[in-house]
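S.K.: Take a look at the following structure, please.
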Amino acid sequence: MTDTSAAVTDREIDRSQMKVSDEVAIEIVNMNKWYGTFHVLRDINLTVNRGERIVIAGPSGSGKSTMIRCINRLEEHQQGKIVVDGTELTSDLKNIDKIRSEVGMCFQHFNLFPHLTILENCTLAPIWVRKVPKKEAEATAMHFLEKVKIPDQALKYPGQLSGGQQQRVAIARSLCMKPRIMLFDEPTSALDPEMIKEVLDTMIELAEEGMTMLCVTHEMGFARQVANRVIFMDQGQIVEQNEPEEFFNNPKSERTKLFLSQILGH
Amino acid sequence: MSDTHAETVAFVRDTMLPQQEPPASTVGFLGWSKTNLFTGPFNTIVTVLCSVFIVWLLWMLIPWLLSPTWNATSLGECREFLVAAGRVGEHGASGACWGVIRERWIQLLFGFYPADLYWRPILAFVLLFVALAPVLFSDKVPGRLLMFTMIYPFLFPWLLWGGTIWSPICAALGFVILFAGVKYLSGVIGQLASIIVSVLAAAAWWLFVSGAVQDALASILPLAIQSVPSRDFGGMMLSITIGVVAIACSLPLGIVLALGRRSDLLIVKSLCVGFIEFIRGVPLITLLFVASTLLNIFMPPGTSFDIILRVIIMATLFASAYMAEVIRGGLAALPKGQYEGADSLGLDYWQSQRLIIMPQALKISIPGIVSTFIGLFKDTTLVSVIGLLDPLGLTNSIRADQAWNGIVWELYGFIAVLFFIFCFGMSRYSMYLENRLKTDHR
């Protein structure tokens, strides 16, 4: 097995903008969730400050995806409290739509809209949710497409792009809504090794600009270089969290040690 | 691979091979027939047998079709023409009797519609294509034509049934009330309340006010064209009228039913499921009989409700139930990620349905939707059982004529060709549309 904690980029990461402020971006208090009778998330407590870059790791079925999907209410929690940007997530549809338009999300399978061009994918939500004029939305979209380095693909359809390009479009699409928080749900798990790097590069640039990021991933190199905090989950619980250096070099829990020994292939 | 050396494992190509023409036997007509008609002995035998059968069929059919009876005025005269032309086989004179089509084709097209007013259904039919053009060929026709598409639903019945011009205008005013209410009230009393209020206002306008306004306006400014009663409608004109209106109404109704069936709201869901299952469980003929006879029993005495309108409503309800199931299939085929993608961007339910889900679900369902359309159009011939004179109903009255008693094949053949033109047109259009909307590049 390759060492997935190897550095994901050769260049020096610019940390001047990466500042963790005291302002709370997301607060999760005693959150519980069940799928039917199955207790999938157990007593989750997590506070994310603005500017934090958090990587969530864990074996499959540990509830890490479910947890970040609760943050923008793609999954409903049954107990506890989630506050995003000062707005509590309740069944009030207005709050949910407000939070969703402030929290960007990228999925494992991109979930681009195949019947729309790349540009239309990026302008759809700003036009219909933010009521931005079409011209302005297109200018913003081209700006972010340039940022993810695919402005020349703007008039193509998602089906004509490679996986890595599609994931970068998905990131640009989220950024067009000018989100304050970005959630990544295994953004590189469906990609070839060559494409993983281009997506991670885009994510690193985003981190360098000070975006608050929560990222479920198996890319331990990204965690080591970019994250300021790594969370390890198992059986629906947060088992261990620490700064990346400490987490990788000096894991406390037996479960974490086992997981790391397997994933890092020592 | 002559430059590989069997004795060594290492290999380096020193010259790159240029592109070559494919072998002659795999391209052109020869290549095509070899791969499609004559692959192996079994396919060759099938090809030969089918060719023989087609030739035999045409051998029998063409002489029957090419029969010199165009000018005959009765079945007996047809026989005389055939005998005179020496077309006498062992079963008597053989050949089609085309005189009936020459004499009655206009009736098969228009039924008993007044002859001096034929221009009205013809105009309505031509304008139908003008109104459909911006919808069907949105990439080639200027969008401004959509204005005409919105006017057409009011123009169409006026041209066919005639009467005062104020009735379509008053009907349209109801929709103006509806949209204006939703647009201007939603800021004041909220979206849901404004929809409810506007619908009630529009319904009140149609039921209680518009009739009086219409009469008043007509007495001030009597602009009217000659009105034609529904019993004079017939032939292809009737089929097309029922078919077009039912097709146009069943698609939106089907979409609403399909969404309702997938809704989380228990009452909405059970209403939709109940409606769909009931309509699909009952034959169309039963519904048509209900429309023609039973409905009058439930109506308050004295109300007359146009028979063609009743039939259109039943045909629409019938088709919309099937449509709902076809569209539900399209909805089920969409990956869950599309809903999540739309949700994660903050689109609300109706926005994500309209912008993300429906365009894709409808695209997937195009073959099924068009099949339902074609089925509905052909089902319009069932109205002959409740006494409306669609083309099939007219064949009976034509055969009741002494001169054409006993004629079958020519009439049904002619009607079949008429229906085939429309159905084949729809089918080709659906293929064109599927191609145009193909964006997945598989």
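Coordinate-derived values only; no laboratory data. Not measured: the values here are computed from a predicted model. FYI the Cβ positions are ideal-geometry reconstructions off the backbone, even for glycines, and counts take in every protein chain you see.
S.K.: Please check: in the Gaussian network model of chain B (C-alpha springs, under 10 Å), which one of B:Leu238, B:Leu217, B:Leu317 has the largest mean-square fluctuation.
M.R.: B:Leu217
S.K.: Another question about this same structure. Residues of B:353-359, mean number of Cβ from any other protein chain within 10 Å of their own Cβ, rounded to a whole number? Mind showing how you got there, number by number?
M.R.: Working: counts 0, 1, 8, 5, 1, 0, 4.
Partner Cβ neighbours, averaged per residue: 3.
S.K.: Given the rule -39500 (n - 2.57) for each run of at least 4 DSSP H residues, summed and divided by the residues of the protein assembly as shown, what is its mean residue ellipticity at 222 nm, to the nearest 500 deg cm²/dmol?
M.R.: Working: 28 runs with 387 residues, N = 708.
Dividing the helical sum by the residues of the protein assembly as shown leaves -17500 deg cm²/dmol.
S.K.: Based on DSSP H assignment, which helices of chain B show an axial Cα extent of at least 30 Å together with a mean Kyte-Doolittle hydropathy greater than or equal to 0.5? Don't jump to the answer; show the numbers that get you there.
M.R.: Numbers: long enough: B:40-65 (37 Å, 1.82); B:166-189 (32 Å, 1.69); B:235-261 (37 Å, 1.90); B:307-333 (39 Å, 1.61); B:409-436 (39 Å, 0.71).
Long hydrophobic helices here: B:40-65, B:166-189, B:235-261, B:307-333, B:409-436.
S.K.: Still on this structure, I have one more. Contour minus end-to-end for B:Ile189 and B:Ala333, with contour as 0.36 nm per residue of separation and end-to-end as the Cα-Cα distance? Don't skip to the answer; put the middle values down first.
M.R.: Values: separation 144, 0.36 × 144 = 51.84 nm, distance 3.80 nm.
Net length gain for the segment: 48.0 nm.
S.K.: Among the listed pairs A:Lys64/A:Lys149; A:Lys94/A:Lys149; B:Lys336/B:Lys438; A:Lys64/B:Lys438; A:Lys19/A:Lys94, give every one whose C-alpha distance is greater than 28 Å. Don't jump to the answer; show the numbers that get you there.
M.R.: On the way: A:Lys64/A:Lys149 30 Å; A:Lys94/A:Lys149 35 Å; B:Lys336/B:Lys438 21 Å; A:Lys64/B:Lys438 36 Å; A:Lys19/A:Lys94 31 Å.
Table pairs above 28 Å Cα-Cα are A:Lys64/A:Lys149; A:Lys94/A:Lys149; A:Lys64/B:Lys438; A:Lys19/A:Lys94.
S.K.: Ok, one more. Order of B:Phe318, B:Phe110 from fewest to most other C-beta atoms within 10 Å?
M.R.: Values: B:Phe318 25, B:Phe110 21.
The most exposed by this proxy come first: B:Phe110, B:Phe318.
S.K.: Can you figure out the FRET efficiency of A:Glu76 with A:Asp43, using R₀ = 22 Å and their beta-carbon distance, to the nearest 0.05?
M.R.: On the way: r = 17 Å, r/R0 = 0.77.
About 0.80, to the nearest 0.05.
S.K.: Quote the charge dipole size of chain B about the Cα centre in Debye, to the nearest 20; the model charges only the Cβ of Lys and Arg (+1) and of Asp and Glu (-1).
M.R.: Working: 26 positive and 25 negative charges, 94 e Å.
Magnitude of the dipole: close to 460 debye.
S.K.: Where Lys and Arg each count +1 and Asp and Glu each count -1, what net charge lies around B:Arg399 among other residues with Cβ under 14 Å from its Cβ? All intermediate terms of the calculation are to be shown ahead of the outcome.
M.R.: Values: positive: B:Arg104; negative: B:Glu103, B:Asp401, B:Glu410.
Computed value for this residue: -2.
S.K.: Checking the cross-link filter: which aspartates and glutamates have an alpha carbon closer than 12 Å to that of B:Lys363, excluding same-chain neighbours under 8 positions apart?
M.R.: Counting by Cα, and skipping residues close in sequence, B:Lys363 has these aspartates and glutamates nearby: B:Glu434, B:Asp440.
S.K.: What is the extension gain from B:Asn405 to B:Asp348, computed as 0.36 nm multiplied by their sequence separation minus the C-alpha to C-alpha distance, in nm to one decimal?
M.R.: Numbers: separation 57, 0.36 × 57 = 20.52 nm, distance 6.44 nm.
In short, 14.1 nm is gained.
S.K.: Once amide H atoms are built 1.01 Å from N in the peptide plane, which residues 5 or more positions from A:Ile231, or in another chain, come under 5 Å H to H?
M.R.: Distant-sequence amide H within range of A:Ile231: A:Val55, A:Ile56, A:Ala57.
S.K.: Inside 10 Å of the C-beta atoms of A:99-107, what's the mean count of C-beta atoms belonging to other chains? Please report the intermediate quantities before stating the final value.
M.R.: Numbers: counts 1, 7, 4, 1, 2, 3, 5, 2, 4.
Going residue by residue through A:99-107 and averaging, the value is 3.
S.K.: Excluding same-chain residues fewer than 8 positions from A:Lys33, which aspartates and glutamates have a Cα within less than 12 Å of its Cα?
M.R.: Partners found: A:Asp43, A:Glu75, A:Glu76.
S.K.: Moving to a separate point now. Label B:Thr47 and A:Ala7 with points 7 Å out from Cα along Cα→Cβ: what is the distance between them in nm?
M.R.: About 6.6 nm, to one decimal.
S.K.: Something else now. Among B:Ser239, A:Ser189, what is the fewest-to-most ranking by other Cβ atoms within 10 Å?
M.R.: On the way: B:Ser239 26, A:Ser189 13.
Fewest to most other Cβ atoms nearby, the residues stand as A:Ser189, B:Ser239.
S.K.: Between B:Val83 and A:Val20, how many nm apart are label points set 7 Å from Cα along the C-beta direction?
M.R.: The answer from the label model is 10.9 nm.
S.K.: Which one of A:Val132, A:Asn250, A:Leu264 has its Cα pushed farthest toward the positive end of the charge dipole of chain A, where Lys and Arg give +1 and Asp and Glu give -1 at the Cβ?
M.R.: It is A:Val132, whose Cα lies furthest towards the positive end.
S.K.: Taking the alpha-carbon distance from A:Lys178 and a cut-off under 15 Å, which aspartates and glutamates remain once sequence neighbours fewer than 8 residues away in the same chain are dropped?
M.R.: A:Asp85, A:Asp97, A:Glu102, A:Glu136, A:Glu138, A:Glu209
S.K.: I'd like the FRET efficiency for B:Leu145 and A:Lys134, computed as 1/(1 + (r/R0)^6) with the beta carbon distance as r and R0 of 35 Å, rounded to 0.05. Kindly include the intermediate steps, with their values, before the conclusion.
M.R.: On the way: r = 22 Å, r/R0 = 0.62.
Plugging the Cβ-Cβ distance into 1/(1 + (r/R0)^6) gives 0.95.
S.K.: Can you put B:Asp343, A:Asp192 in order, fewest other beta carbons within 10 Å first?
M.R.: Working: B:Asp343 21, A:Asp192 11.
Going from least to most buried by this count: A:Asp192, B:Asp343.
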